[in-house]
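K.L.:
Pasting a structure here, questions to come.
The values are calculated or read from the model by the stated rules, or taken from the named source; none is laboratory data. This is a predicted model, so every value here is computed, not measured. All Cβ positions, glycine included, derive from the backbone under ideal geometry; neighbour counts span all protein chains shown. These area figures cover heavy atoms from the full protein model, side chains too; ligands, DNA and RNA do not enter into them. Shrake-Rupley method; radii C 1.70, N 1.55, O 1.52, S 1.80 Å.
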Amino acid sequence: MEIAALQKHHGTWRNMHVYKLACVAYLGIVVFGYDTGIAGGVVNNAFFQHQFGLAGSNVTNLSSNVVSVLQAGAFFGALFSAPVTVYLGRKWSLIMWSLIFCLGAILQTVAEDQFTRGLSYIYAGRVVGGIGVGAISALAPTYVAECCPKDVRGRITGLFQVWVAIGVLLSYWVNYGVAIHTSPTSPDVWRIPFGVQLVPGGLMCVGLLFCRESPRWLARRGRMEEALENLAHYRRASIHDEEIKMEMAEIEATILEEREARSGLGWREAFLGKGNWPRFAIAFIIMTLQQFSGQNTVGYYAPQIFQAIGYVGATPALLASGVYGIVKVVATFIFIMIGVERFGRRWSLFGSAIGMGTLFYIVGAIFITHPPNLASPTPSPSSKAMAAMIYLYCVAYSFGWGPLPWVYVADIFPNRTRHYGLAWASATQWLFNFVISKISLTMENNLQGKIFITFATINIGGMAVFSYFLPETKNRSLEEMDIIFGAVTQEHRNEDIHKAELEMAAGMKDINMRDEEAAYGAAGSSKVEHHTNTQSEKLETENVR
């Protein structure tokens, strides 16, 4: 019987525990999105620039440094996450990295001015916080994917981007709230935005204490009984259910194949082992293209972008940025709940790239033919049209290239190399995230409307073409990825699954025998006690007589 058929009798709430895990593990991803938007608004504040010596001819360079050093830290955090999670597991590694992130957030919040706890605190805090965020971005999707059933894995793993979008939304509205409700000459203009990071970071750390470890990581460590119990917990089923036995047999089969194929695992074998290098190549390309889609340029410097297209003044630009954040959250949520499992990965990525490129070509054309009048206090009709196209671009991004790169890389790697694969993908993402955050202001100042033409060409010429050639992973189990990428044949896998099922049946028989013996022993003791009491009662009766 197919696993998908067995899932029907569990009801609507069968994946409740996995959704709860995703919500907790992805709280750290809120920080990912929050930092994407918050820094651009903070460094654009005149009082912050004055207090930390950013004013003058070096403002663009220093502002981009403040934004981008977090990505530099995140690159190393993503790389370091792989060896740590091998020994600590997914759960305790995430707890450790969330504490490191909170330390970085505290350093940013307590910064004073350029003379006392100055820009060095901002830099140090963003590097330390970045190390935590980078590791979390690599481990959280690994943890969640390993606990998900295949029929909803895309939806649940895709919640990653929903939380990113929520973080971006939160950052824009915090910036807007600070702009209209705090004194323009108060340290609150940076302390409140940086301090808010501690809320999701702290909640994640506490929430993870109540989550269970990944069953696939436990199985790889040889803790099979605990792995079986945790798998049954995440499926809200009994360890005796056929579905659980079948999934566990498939997990054990892949572990058996890996142990037979190679005894040790390092970066070299992880990259170059049979069927592995295409997955690492895909992860590198998909994450690189995502960063050059134009989304991060808008995300990091939304206030500056909206000012450039005609939304003059800090408050109108921040308000337009806030609306952009709302559009992103709503569009991402709709796609993850409805589209990702209906349309699959490949065609969603392809359609998203075509849509983004088309809309950015339109924005660029309007900007060049109808330049915004920056002297006007209100946006012109052409500026409003460009803003509308940018909002629609956000919808197209959210319907594919926003959430799906993370879903796809979490799909394709085998259990043995998943932590390496996600660390590689996350490090790639943060490396080019750093590049984009460093060059975006310069590109905007030098290219103006042509910046949209540049990103549109990448969208269609690079991302759409790449998407077309990707293999589909919808409704395929994590263990089936080895077959898709040629690491093992279907026949060999079926033999190993059969062998694992026989071993599991023998193990379950032993467990049942132990349970029966324990029950029989308890019943036997009860019978002996009852017999002894009866004999005592007879003796007492005879003595009375």
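K.L.:
Rolling a 1.4 Å sphere over the protein heavy atoms, what is the accessible area per residue of segment 26-179, to the nearest Å²?
P.N.:
Ligands and nucleic acids excluded, the result is 28 Å² per residue.
K.L.:
Further, regarding this structure: Where nothing but the Cβ of Lys and Arg (+1) and of Asp and Glu (-1) is charged, how large is the charge dipole of segment 13-211 around its Cα centre, in debye to the nearest 20?
P.N.:
620
K.L.:
Okay, next question. Can you give me the accessible area per residue for segment 266-474, using a 1.4 Å probe, in Å²?
P.N.:
Result: 34 Å² of accessible area for each residue.
K.L.:
Roughly speaking, to the nearest percent, how much of segment 266-474's 1.4 Å accessible area is carbon and sulfur?
P.N.:
Looking at segment 266-474 in its full context, I get 74 percent from C and S.
K.L.:
Could I ask something else about it? Would you work out the relative contact order for segment 212-261, in percent, from Cα pairs under 8 angstrom that are 6 or more residues apart?
P.N.:
In percent, rounded to a whole number, it is 30.
K.L.:
Given a 1.4 angstrom probe, I'd like the percentage of the accessible area of segment 13-211 that is carbon and sulfur, rounded to a whole number.
P.N.:
Carbon with sulfur: 71 percent of the solvent-accessible area.
K.L.:
Using 21 Å as the Cα-Cα cut-off, could you pick out the over-long pairs in LYS91/LYS245; LYS150/LYS245; LYS20/LYS91; LYS245/LYS499; LYS384/LYS450?
P.N.:
LYS91/LYS245
K.L.:
Quick one: pull the percent of accessible area on segment 212-261 belonging to carbon and sulfur, 1.4 Å probe, ligands and nucleic acids left out.
P.N.:
For segment 212-261, the apolar C and S fraction of the accessible surface comes to 43 percent.
K.L.:
Give the accessible surface of segment 212-261 per residue, rounded to a whole number of Å², with probe radius 1.4 Å and ligands, DNA and RNA excluded.
P.N.:
In whole numbers, segment 212-261 has 39 Å² accessible per residue.
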